[in-house]
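First comes the structure, then the notes that go with it.
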């Protein structure tokens, strides 16, 4: 089990649920699970188990609801000796052990899949290459796309499961026409819908997110009620495989550090940096630049060029009025050109109004109608209608019409 | 539950279970104690030793009881090499398809600079006899070739292998873990010098095994202590040993049931070909060159480990080449040694039957397989 730096003291589940304001009877919980799963009791379902409390709670809740549950854990990478004992990772070998122990405690079957090759190719190599050419990639989205929505879905189907449930905080329902509708999780601090946009319609009908309407405190309470041994485990966070290092160190370890120039918008060199992977568009501190005239205002990273040059400029230069997304996918039918929706460019960022200007099979150009700053290339741009995810893609450019802007390729 | 994984372990047979249950109530003496309780334990121990010795045709030899075949393998290798090393440089010849416990010994010795030759096998897992003879052209200390291949069921010609090893001046060891009850054993007559045995592949309990030594064969102990004639220290696992002896007392009976096991195994193969083809067979050799209880097959493009999981969810226990609970899934080293590409080696699926297998179970698996395969095939992408 992942060792926590400061273990939480165990508390009675009755206290946890009282604090969470969840006084429901188990029968109500079971009824909710059946509704979310859309399957009768006894149906075979797979749970993607990471070893954390969320997916463990899902497995326990589905067992309680009478399903034939089995757990799947993907082993994604080898242990980084520096990260042993460090909380905040997921899917490391010790997490696979946690998942197995939870499964055994619940009396369900559990299988660990060796997906190190797929993960290295589809997630780590892309992460390194994207960072190296100046993008700021989001490996969690890529991991969901390939590992969860392809590998685990395929495995679950191959093993005869009628659905694959995960511990994500997002709501997933079918509309009257049987089309999946992905919505934000109800816990605003946990909403993970941003990372789930590569969900296509086919996978969207197979996958279930039983925690979408739950708050984290309820999940902890019910995990404890059902005797889940990792109910006290700390949150996972950060890029899991980077573990104890920073993205810059990680990318440098794979590609070698690539120092470069720091220039202003006019191209004048202001300084040097040790490698672009250490910087994100919108970053203000840590540039190591000599002090300049205070009336000019603070300088921000506004672009990271493939040649390794970092461009800095005033805050206004981070503004974008046109955003292009590549590798786009829609969960349902693509909305027509002219549709107004909301664009979110980072997890927990604010969605800003935007309009579809051009639409192609796997890309879209958006006119930003609100204030959008620091939309870094490589990040996901997710398109919402209210709390519903319509689709999303990877930001390929973010520009200020009639001017220079951050993220310009 | 349909259990077709007898090469991983067999369920505890009635003779072993009954003998152990009775012993649990009766014997608690330490066989090294001088008093009556100790003497009663010692009597059981020696009786068990003689039973095992007789069951493997080990007349005149010695049985050193161990925690299992892995320890017996280590005692054979390290024990022979340590004994010789004081006087000579050492060199080992083994095969490319040995059990991982032998593979680990080979790797360990190579790290310390000992030359270990792994003799290749052909596409069906038969030992390359020309390469074997060539390997023995240089002075060799120890030869170690398994008796029955655990993934394929192939039988290796121990008598011939031992004769050639002796001609080269080497000591001949065999890991005979999968042999008892599956093929007739006569270590003495076959010319074997050391043989590793395990109880739990023949209806005995796990955690107990033995190393058989030809009369006069010396080994240096791994664990110092006066027990087992000074060859293996530590208070004896009397209950386990009694269970092993009870199981081994019935080896000839198990052996006589093998003809029926072979009938079922062939029924499984024909049934799968008819109902769930196309599939290929690994270790397809003449009937006299295999035990008749193993069926190793591959459905092209279908991951064997996935089939194991899929069958497990239908309560059918089988095995792929080499599964590991820690989540690393390496292709079977045996199928790789047979010349298969890694992707082909990952497709391997092993059914290993026992006398407890019934025709109804075989028919159920045949009927189940098309459905499991239909949902298990990876899409063309």
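Could you run through segment B:259-288 and say how many residues are in a loop (DSSP other than H, G, I, E, B) and either within 14 Å of chain A (Cβ to nearest Cβ) or within 24 Å of residue B:359 (Cβ to Cβ) (or both)? Give the steps one after another, and end with the answer.
Initial filter on segment B:259-288 (in a loop (DSSP other than H, G, I, E, B)): B:277-279, B:283-286.
From what's left, either within 14 Å of chain A (Cβ to nearest Cβ) or within 24 Å of residue B:359 (Cβ to Cβ) (or both): B:277, B:279, B:283-284.
Residues meeting the conditions: 4.
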Scan segment A:59-71 and give yes if some residue there is part of a helix (DSSP H, G or I), under 30 Å from residue A:124 (Cα atoms) and more than 13 Å from every other protein chain (Cβ to nearest Cβ), otherwise no.
yes
Within segment A:318-354, count every residue that is buried (at least 19 other Cβ atoms within 10 Å of the Cβ) and over 22 Å from residue A:373 (Cα atoms).
2
List the number of the failed condition for residue B:380; all other conditions in (1) modelled with pLDDT under 95; (2) more than 14 Å from every other protein chain (Cβ to nearest Cβ); (3) assigned to a loop (DSSP other than H, G, I, E, B) hold.
(2)
Here the residues within segment B:289-319 that are outside any helix (DSSP H, G or I) and either outside the structural domain of residue B:365 (by TED's automatic domain parsing) or surrounded by fewer than 19 Cβ atoms within 10 Å (Cβ to Cβ) (or both) are B:300, B:301, B:314, B:315, B:317
Among residues belonging to segment B:233-284 that are touching a strand residue (DSSP E or B) at 6+ places or on another chain (Cβ under 6 Å), outside the structural domain of residue B:157 (by TED's automatic domain parsing) and in contact (Cβ under 8 Å) with a residue 24 or more places away in the chain, point out the one that is surrounded by the fewest Cβ atoms within 10 Å (Cβ to Cβ).
B:269
If you take just the strands (runs of 3 or more DSSP E) that sit entirely in segment A:295-380, which of them hold at least 3 residues that are free of Cβ contacts under 8 Å to residues at least 60 places away in the same chain and touching a strand residue (DSSP E or B) at 6+ places or on another chain (Cβ under 8 Å)?
A:310-313, A:340-344, A:352-359, A:364-368
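Can you name every residue in segment B:94-123 that is in a loop (DSSP other than H, G, I, E, B), under 30 Å from residue B:280 (Cβ atoms) and touching a helix residue (DSSP H, G or I) at 6+ places or on another chain (Cβ under 9 Å)? Full working, then the answer.
Going through segment B:94-123, the residues in a loop (DSSP other than H, G, I, E, B) turn out to be B:96-99, B:112-114, B:120, B:122-123.
Checking which are under 30 Å from residue B:280 (Cβ atoms) leaves us with B:96-99, B:120, B:122-123.
Selection gives B:96, B:97, B:98, B:99, B:120.
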Restricting to segment A:119-152, count the residues that are crowded, with 22+ Cβ neighbours inside 10 Å and within 14 Å of another protein chain (Cβ to nearest Cβ).
3
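The values are calculated or read from the model by the stated rules, or taken from the named source; none is laboratory data. Keep in mind the model is a prediction, meaning the values are calculated, not measured. Glycine gets a Cβ as well: all are built from the backbone with ideal geometry, and neighbour counts include every protein chain shown.
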